[in-house]
Structure formats: structure tokens, C-alpha cells
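Q: Below is a structure I'd like to ask you about.
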Protein chains: 2
Amino acid sequence: MTTTLERTLKLVGDRWSILIIRAALRGVRRFDDFCADLGIARPILTNRLRRLVDGGVMAKEQYQAHPPRFEYRLTPAGIALSPALVAIIRWGEHHLADGEADIVLVHAACGTELEQGFWCRHCSTTFGPTAIRGVPARDRTGP
Amino acid sequence: MTTTLERTLKLVGDRWSILIIRAALRGVRRFDDFCADLGIARPILTNRLRRLVDGGVMAKEQYQAHPPRFEYRLTPAGIALSPALVAIIRWGEHHLADGEADIVLVHAACGTELEQGFWCRHCSTTFGPTAIRGVPARDRTGP
DNA sequence: CTCAGTCAGTTTCGAACCAGAACCCAGATG
DNA sequence: CATCTGGGTTCTGGTTCGAAACTGACTGAG
């Protein structure tokens, strides 16, 4: 009984992986930069990076040959995690904020705080979480 | 250096909390039902439920007095986690799926697979993750 | 009344995971 | 040569996890 969600959580469901991915989205690429940026211990960073690479979320690329040096960057699958990341960050900012230091995510073009919703392209409408159903992929009957 | 995201992850960033919240969204309320539904060990369930209650995600309510029995249900803050949950589930289904048993989230009204985007109410437009900026809450200047 | 069963935990104890510090190694730099 | 840098690995204690068994308050059947 290993659902996809369980496998997802095994991959990114720990305190560090999400922080690593956020750092990567901000442009951090190198081992020591992750270390300094996150304050993560090196052995754990080694471990998490390997797991993320194995899971297809990040890719390890050699960026110079002679002293062989590597950088870690997000794959398209990793970048596709950003809506999840944003949703988590937004939830924290709204429900766990404690004072001044907090950050609001805004539409870069105009500075308005973004909203996140579900969109049905068939009905051309947005809707909330109560209007969601989960159906097995194979016997899906929708249009 | 404890960001809100770090505190969020301390609260729900482990393998079980998210699964507990999903079960709660499906209507599971009682201790043993969580146990059976998730296959979680009892001490860990005790621990997680306490943490979620302390964190304001779930509420513990006595539903009968004489053998004092409790049920755990999501608070509004807990229900507000569903966009994050949906984003994570969707990511897993698209990037980690392995075959038949998977589930697709659809708009209940019509059965179309839902999409999830960012919406700017000022610009009346949807946009992708690259158009997001994070700004400190206090010196936000947007309209 | 006795016996089995339910519900919500707590106890016990070995396995896994964590953080920090020290160490290693290849090349570049001085 | 000595030192520095990037990218790790090893070692050490401490915390946390998780499976199974135990507790304890009750309920319902016979």
C-alpha cells in the first residue's frame, strides 16, 4: 500500500528538501552555497541532494572539468513543484506568521498579492477545495 | 534565523502529518480510524495529533462524556492547507506515478482535471511561477 | 457476573536519523 | 613547498522513529 502521495512525501517530505528546493529556485547551485544559505550540515546536504537527484527533482552537472566541480539545478519536474511550494509558503505566512519579518508573495508585474485557485478549463471557472473529487486515472469519464 | 517556512515545515513537514490531514479531509475523525486508515503506529499518531492541535491545524473535541472520547477535526486553518495538499498530490501524480492505481483530481461538477494557477485580481490574469516575487510584508507597495 | 471487545492512549527498546566537528583529496594559488 | 577552496566522507554522541505489547476505562453479549 504505497500511494503516490506517500512516495512523494518520502522524497520531499522532510524538513530540508523543501528548503533546498526553495534555495534552488532562488538561484543557489553549489554545495557550499546551499550549506551557507540553509545552515544545513554537510552530511545531510550530501544525502538530500543525492535523494533529490535520484528522484528526478534536481540534476547534478559538472560545470568545470579540471578541478571537477558540480552544480545542482532543478529539473523541469523540480520547477513544477513551485505551486506546491508557494501554497505551503502562503499558508505559513497567513496562519503561522509572527510579526514583522514575513514575506508576501506578489505578482511581479504589479505587486498585488497573488491568489491561488483551482481552474476548470472546461467550465472556465475557478472553484474552491470542496468542489474537488479524486477519481482513479483509468476510469475517468470527464469530457 | 527561523523563517515562517521553517516553522511551517516543523509543523507539517514530515511523512505523516500530510497524510493525516488528507485523511481528515476525507472525513476521518477518530484515533483508531486514523490508525487503520494510514497504518501509522499509535505513539506517532498521538504525537502528531498533539502537534497539529497545538499548531492550530486540528481541534480535539470530546464527543461523548462517559467513556471520554475525542475526535479530531480540521480547523479552518487546517482546511486552508488543502491547496498545498492538492498541489503536492498533483505533482506526485504527474511526476512520480507508476502505473494504474493513480488518482486524478477533477472538478466535481464536470469531471475535468483541474489546473492550478496563480491569479492576480488586480490584473485579472493568471500567471506562472516565474512571475512571482516575495516582498517583506511591511513595505509592500502594490495597489 | 464474567468474558470479549473497543477506544485512546503509554511504555519499552532497538533502529534510523540528526548535528557538529574533524578529516580527506584534487587541483589552484602564492 | 604550504595553503586554500570546493565537495565531499567518517566519526561521535544525542534525538527521534516505529513496531509490538501493555494499560485502563468502559460497553455489550451470554
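Q: With B:D33, B:D37 as the choices, which residue is within 16 Å of DNA strand C (Cβ to nearest atom), part of a helix (DSSP H, G or I) and at pLDDT below 90?
A: Testing whether each residue is within 16 Å of DNA strand C (Cβ to nearest atom), part of a helix (DSSP H, G or I) and at pLDDT below 90 leaves just B:D37.
Q: So A:E71 fits all but one of (1) near DNA strand D (Cβ under 10 Å from one of its atoms); (2) assigned to a helix (DSSP H, G or I); what number is the exception?
A: The single condition A:E71 does not satisfy is (2).
Q: Test A:V53 against the stated conditions and say whether it is surrounded by 14 or more Cβ atoms within 10 Å (Cβ to Cβ), in a loop (DSSP other than H, G, I, E, B) and modelled with pLDDT of 90 or more.
A: no
Q: Same structure, new question: Quick one: B:G39 ticks every box in (1) surrounded by fewer than 17 Cβ atoms within 10 Å (Cβ to Cβ); (2) on the phi < 0 side of the Ramachandran plot; (3) within 16 Å of DNA strand D (Cβ to nearest atom) bar one, so which box is it?
A: Against the list (1) surrounded by fewer than 17 Cβ atoms within 10 Å (Cβ to Cβ); (2) on the phi < 0 side of the Ramachandran plot; (3) within 16 Å of DNA strand D (Cβ to nearest atom), B:G39 comes up short only on (2).
Q: Out of A:R48, A:R22, I need the residue that is facing another protein chain (nearest Cβ under 9 Å) and under 18 Å from B:D14 (Cα atoms). Which one?
A: The match here is A:R22.
Q: Conditions first: (1) outside any helix (DSSP H, G or I); (2) more than 16 Å from the chain's Cα centre (by Cα); (3) in contact (Cβ under 8 Å) with a residue 24 or more places away in the chain. A:I44 passes all but one, so which condition is the exception?
A: Just one mismatch for A:I44, condition (1).
Q: Residue check: is A:T3 in contact (Cβ under 8 Å) with a residue 12 or more places away in the chain and hydroxyl-bearing (S, T, Y)?
A: no
The values are calculated or read from the model by the stated rules, or taken from the named source; none is laboratory data. Keep in mind that what you see is a predicted model, and the values were worked out from it rather than measured. Glycine gets a Cβ as well: all are built from the backbone with ideal geometry, and neighbour counts include every protein chain shown.
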